[in-house]
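Reviewing the structure listed below.
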Amino acid sequence: MAKVITLGELMLRLSTPNHERIIQADSFDVCYGGGEANVAVTLANFGAEVEFVTKLPDNPPGDAALAELRKYNVGTHFIARGGERLGIYYLESGSSVRPSKVIYDRAHSAIAEAVPEDFDFEAVFSGADWFHFTGITPAISERGTELVRAALKAAKAAGVTVSCDLNFRKKLWTSEKAREVMTDLMQYVDICIGNEEDADKVLGFRPAGSDVEKGKLDLAGYKDIFSQMCDRFHFRYVVSSLRESRSASDNGWSACVMDGRTGEFYHSSHYNITPIVDRVGGGDAVAGGFIYGLLYPDETKRIVGAGAVSEADNADGGDFGAGNAVMRNALEFAVAGAALKHTIPGDFNHISKEEAGTLLKSGGSGRVQR
């Protein structure tokens with residue numbers, strides 16, 4: 001079984017019930033989340049072996065966060081304890097023409113103040129096959145940047161495949177700072193994941209002809225910038241989720257991918273998601289599904305079923321066996337799983353592999369499963 005490592009911040013999420021404004025709320029719904037933790041839970045739900053690396057305060061809130069990960073079979077062997085506090089974020093859930101709003105309360109959290117010496121990265125990556133991080137962790141603090149850099153160096157020394165979800169957060173840093181830091185870190189990255197804003201704000205690549213806020217996509221623009229990104233950073237794959245935001249409650253959803261070795265470009269199936277229950281974690285669900293699809297190509301092909309791409313369709317080979325056949329099946333699986341995430345409250349994607357396969361086969365009919 002392949003072993004995946006993710007590193008980042010696990011936060012307490014306080015969200016308003018029933019789409020209330022924060023000023024209206026007399027109570028909050030409580031759950032936990034964070035980009036890399038969301039990916040870890042997705043992979044664990046699919047049956048992969050995954051370890052989440054972070055630092056949590058040695059107090060009851062930290063204990064509760066640790067228990068939440070263990071509940072979903074995420075490994076916690078390398079989590080350090082200490083620091084001042086657990087990070088928090090507030091979510092005001094939007095509806096229709098009113099967008100959702102996130103307010104961070106995460107300054108000086110345990111992981112933001114962590115240093116590389118808090119972790120034995122040689123032990124962390126011993127026997128590991130994959131390392132996933134996001135652009136959020138370097139953004140939370142200067143120490144966060146150094147922690148990620150140390151982890152990346154150790155991962156590469158251990159021969160581990162590295163994926164990064166660019167995940168630009170304008171409330172954490174500027175585009176200029178993001179480009180300075182993340183451009184340097186791309187030297188360690190094999191698979192780059194993000195969306196059109198991430199590619200623009202973090203790496204300076206903007207797809208021409210698309211306006212996702214108006215529901216307009218021009219795939220030729222994505223193909224062009226993917227090719228440029230692969231040429232510059234030598235990525236093995238570049239993936240972008242494609243969200244057409246018609247309103248906070250009504251989105252179009254798909255994704256595209258390019259094989260950096262062959263230039264093959266593929267656009268997934270498209271889903272209309274309305275009404276949206278919770279869109280937070282949708283991109284993380286794509287990342288988790290795509291990682292799983294590359295690590296377990298035969299299982300993913302079985303799940304995708306009749307729509308799966310066979311080895312005969314593309315026998316180029318490559319590091320993952322069936323080349324673009326594996327890439328396409330992985331993307332279809334990832335997009336279906338992420339579409340389902342939009343129907344589930346909270347950051348985590350509480351679905352099974354089989355449920356993603358059912359959506360792929362049903363086309364989204366939503367018929368009762370008896």
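Within segment 246-260, being more than 18 Å from residue 363 (Cα to Cα) and either within 19 Å of the chain's Cα centre (by Cα) or in contact (Cβ under 8 Å) with a residue 60 or more places away in the chain (or both) holds for 247, 248, 249, 256, 257, 258, 259.
Taken over segment 302-323, the criterion of being at pLDDT 50 or above and under 21 Å from the mean Cα position of the chain (by Cα) is satisfied by 303, 304. Return the total of residues in segment 155-198 being at pLDDT 95 or above and among the acidic types (Asp, Glu). Residues that pass the stated criteria total 5. Among the residues of segment 26-39, those that are out of contact with any helix residue (DSSP H, G or I) (no Cβ under 7 Å at 6 or more places or on another chain) and assigned to a loop (DSSP other than H, G, I, E, B) comprise 26, 28, 34.
The set of residues in segment 115-147 that are in contact (Cβ under 8 Å) with a residue 60 or more places away in the chain and touching a Lys or Arg at 6+ places or on another chain (Cβ under 7 Å) comprises 118, 127, 128, 129, 136, 140. For the criterion of being among the aromatic types (Phe, Trp, Tyr), closer than 25 Å to residue 333 by Cβ and under 20 Å from the mean Cα position of the chain (by Cα), residue 265 fails. Comparison of 7, 69, 86 shows that the only residue that is more than 21 Å from residue 162 (Cβ to Cβ), in contact with a helix residue (DSSP H, G or I) (Cβ under 6 Å, 6 or more places away or on another chain) and of a type outside the set (Gly, Ala, Ser) is 86. Can you find a residue that is closer than 29 Å to residue 97 by Cα, surrounded by fewer than 21 Cβ atoms within 10 Å (Cβ to Cβ) and either charged (D, E, K, R) or without any contact (Cβ under 8 Å) to a residue 60 or more places away in the chain (or both) anywhere in segment 184-203? Taking every residue of segment 184-203 in turn, at least one turns out to be closer than 29 Å to residue 97 by Cα, surrounded by fewer than 21 Cβ atoms within 10 Å (Cβ to Cβ) and either charged (D, E, K, R) or without any contact (Cβ under 8 Å) to a residue 60 or more places away in the chain (or both).
Against the test of being crowded, with 19+ Cβ neighbours inside 10 Å, within 15 Å of residue 137 (Cα to Cα), out of contact with any Phe, Trp or Tyr (no Cβ under 7 Å at 6 or more places or on another chain) and not aliphatic (A, V, I, L, M), the options 83, 87 yield a single qualifying residue, 87. Would it be correct to say that residue 276 is modelled with pLDDT under 95 and crowded, with 23+ Cβ neighbours inside 10 Å? For residue 276, the condition - modelled with pLDDT under 95 and crowded, with 23+ Cβ neighbours inside 10 Å - is not met. Among the residues of segment 1-12, those identified as more than 15 Å from the chain's Cα centre (by Cα) and either buried (at least 22 other Cβ atoms within 10 Å of the Cβ) or without any contact (Cβ under 8 Å) to a residue 24 or more places away in the chain (or both) are 11, 12. When the test is whether a residue is buried (at least 16 other Cβ atoms within 10 Å of the Cβ), closer than 19 Å to residue 336 by Cβ and modelled with pLDDT of 95 or more, residue 238 does not pass it. Screening segment 162-270 for helices (runs of 4 or more DSSP H) wholly inside it with 2 or more residues that are of a type in the set (Phe, Trp, Tyr) returns the ranges 219-233. For segment 42-89, the set of residues classified as among the basic types (Lys, Arg) and in a helix (DSSP H, G or I) consists of 70, 71, listed by residue number.
The condition (being touching a Lys or Arg at 6+ places or on another chain (Cβ under 7 Å) and of a type in the set (Phe, Trp, Tyr)) is satisfied by just one residue among 46, 28, 52, 78: 46.
The values are calculated or read from the model by the stated rules, or taken from the named source; none is laboratory data. Small disclaimer: the values here were computed from a predicted structure and weren't measured. Counting neighbours? That spans all protein chains shown, and the Cβs are built from the backbone with ideal geometry, glycine included.
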